[in-house]
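> Structure below; questions to follow.
Every number in this text was worked out from the coordinates using simple rules, so none of it is lab data. The structure displayed is predicted, hence computed values, not measured ones. Here Cβ is always computed from backbone atoms with ideal geometry, including for glycine, and neighbour counts include all displayed protein chains.
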Amino acid sequence: MRKLLFILSILAASISLPAAAALRDSVALVVQGNDTFFLAFLHDVYVYPPLVFKNKKQEKFYWKTVRDVKKTLPYAKMITKDMAYADAELAKLTTDKERRKWWRQYEKHLYRKYETAFRNMYASQGRMLMKLMDRESDRTSYELIKQYRGKAAADFWQFVAKLFKNDLKEGYDGADKDRIIERVITLVEAGQL
């Protein structure tokens, strides 16, 4: 038993501080009578077949996707929480005038909260954020704009997106077209990437 604890202490000392804290929180000793049981709670580990890139362009695309997911996934999760809060607050209000007034104030708050982060994003990260928002909320960017700003604003921004060869109505398809993104998200959320 002492050898096992010694090995675990060396392991915990050799890994990063947050990982060591997680290891410490997931380890327990249980004593039943004269027996001592060592319990360790491990996180899920995802195993995918190794990626084989046909050329440097594919490899560059993959690592760019990793960079974009790591940057935008936390924002997609925060925005989804903000949308849930906004929906709950708007549901409490009775008149359209109150809703519009509350939404204008909340929109200003959101703009201040996210402006600097979004201005520092690359265009590819903006496209990734749109996909991740669809993944998190099950609504396309077009539907979100239409819900909060109206159909005219949604049509205008769809027109602008089309000028830059994007589509706000395009949904997230993690099973087929966006399976590499889904793989990266799974690995990032598990702390494996």
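> Under the 0.36 nm per residue contour assumption, what length would be gained going from the current alpha-carbon distance of ASP96 and ASN55 to full extension?
Net length gain for the segment: 9.2 nm.
> What are the lysines whose alpha-carbon lies under 16 Å from the alpha-carbon of LYS77, with same-chain residues fewer than 8 places away excluded?
In chain and number order, the partners are LYS113, LYS131.
> Given Cα pairs under 8 Å that are at least 6 residues apart, what percent is the relative contact order of the stretch 103-193?
Over the stretch 103-193, the number comes to 19 percent.
> Would you work out which of ALA175, ALA123, LEU90 lies farthest towards the positive end of the dipole of the chain? Charges go on Cβ: Lys and Arg +1, Asp and Glu -1.
Checking the options against the dipole of the chain, the answer is ALA123.
> Which order do peptides 61-67, 110-116 fall in by mean Cβ count within 10 Å, highest first?
61-67, 110-116
> How are the C-alpha pair distances of the chain spread across 10 Å bins, as whole percents from the shortest bin up?
In whole percents, the pair-distance histogram is 7, 24, 26, 19, 14, 7, 2, 0.
> Would you work out the relative contact order for the chain, in percent, from Cα pairs under 8 angstrom that are 6 or more residues apart?
Reported relative contact order: 20 percent.
> In deg cm²/dmol and to the nearest 500, what is the mean residue ellipticity at 222 nm of the chain if only DSSP H runs of at least 4 residues count, each as -39500 (n - 2.57), divided by the residue total?
Mean residue ellipticity, 222 nm, calculated: -22500 deg cm²/dmol.
> Something else now. Using Cα centres only, tell me the gap between the stretch 33-108 and the stretch 111-128 in whole Å.
Between the Cα centres of the stretch 33-108 and the stretch 111-128 lies a distance of 15 Å.
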